[in-house]
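For reference, the structure discussed in these notes is given below.
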Amino acid sequence: MVGQALIQWFLPSASTDSVVAIYPGSFDPLTNGHLDLIRRARRIAGKLIVAVLNNDQKHPLFSVEERMEMLREACVEMDNVEVGSFSGLLAEYAANRGARVIVRGIRAISDYEYELQMASMNRRMRPEIETMFLLAAEENSFISSRLVKEIARLGGNISGIVPNFVESRLAARFENPSKV
């Protein structure tokens, strides 16, 4: 019910079932914060595409394929969630996939400035696509993939911050430095 009200406010001529939303990110690695946003965003869209960014500028720990595998495993029981990947402009990818909403998570005020710039640029390129910000749940507001990787690399405890299967993949990756 809340999802329908939000969609009606954002997109007056649409119903929740007809809305395609995209939640983009690097997901390197997938965290419980990401999963919380996926669960919440899927309630406001008929289809949620979780899109892994393939960014040549970054040096990810996991390949795009590995990140997509982790997302598929985490979302296996979420019938309206699809996992994809893209490179290039998010606004163009969203338009090509028929998305009307881009979902972005905000953990802290520091995220807002960057996300506002991105949302404004996306709106300039594709005014028909709205950006919706979801605030991180309090228990996830401190989680970032960068910190998770650093803690895992140094042998710290990341249980409860990432799904168990992600924790295992991180442990295996850092036990075998040739894969890093």
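The values are calculated or read from the model by the stated rules, or taken from the named source; none is laboratory data. Remember, it's a predicted structure, so these values are computed and weren't measured experimentally. Glycine gets a Cβ as well: all are built from the backbone with ideal geometry, and neighbour counts include every protein chain shown.
Points to keep in mind about this one:
- Residue match in region 125-134 (condition: farther than 19 Å from Glu167 by Cα and modelled with pLDDT under 95): no
- Selection over region 70-107 of residues that are more than 16 Å from the chain's Cα centre (by Cα) and among the hydrophobic types (A, V, I, L, M, F, W, C) gives a count of 1.
- Any hit, region 136-154, residues being of a type in the set (A, V, I, L, M, F, W, C) and under 23 Å from Ala45 (Cα atoms): yes
- Check on Leu30, of a type outside the set (Lys, Arg), under 30 Å from Arg169 (Cβ atoms) and not in a helix (DSSP H, G or I): yes
- When residues of region 43-73 are limited to those that are more than 14 Å from Ile22 (Cα to Cα) and charged (D, E, K, R), the one surrounded by the fewest Cβ atoms within 10 Å (Cβ to Cβ): Asp56
- Qualifying positions in region 151-180 - surrounded by 18 or more Cβ atoms within 10 Å (Cβ to Cβ) and either among the aliphatic types (A, V, I, L, M) or more than 11 Å from Thr31 (Cβ to Cβ) (or both): Ala152, Ile158, Ile161, Val162, Val166, Arg169, Leu170, Arg173
- Every condition in (1) under 18 Å from Pro24 (Cα atoms); (2) at pLDDT 95 or above; (3) outside any strand (DSSP E or B) is met by Glu113 except one, and the failing one is (2).
- Residue match in region 83-96 (condition: in contact with a Cys (Cβ under 9 Å, 6 or more places away or on another chain) and within 21 Å of Lys58 (Cα to Cα)): yes
- Scope region 71-93; condition touching a Lys or Arg at 6+ places or on another chain (Cβ under 7 Å) and not in a strand (DSSP E or B); matching residues: Met78, Asn80, Ala91
- Among the criteria (1) of a type outside the set (Asp, Glu); (2) in a helix (DSSP H, G or I); (3) in contact (Cβ under 8 Å) with a residue 24 or more places away in the chain, the one Met68 does not fulfil is (3).
- The number of residues in region 37-65 being part of a helix (DSSP H, G or I) and closer than 25 Å to Ala172 by Cβ comes to 3.
- The set of residues in region 132-149 that are loosely packed, with under 13 Cβ neighbours inside 10 Å and farther than 23 Å from Glu113 by Cβ contains only Glu139.
- Top-ranked residue in region 135-150 [being closer than 16 Å to Phe27 by Cα and part of a helix (DSSP H, G or I); ranked as modelled with the lowest pLDDT]: Asn140
- Among the residues of region 94-107, those identified as assigned to a strand (DSSP E or B), touching a residue at least 40 places away in the same chain (Cβ under 8 Å) and among the aliphatic types (A, V, I, L, M) are Val101, Ile102, Val103.
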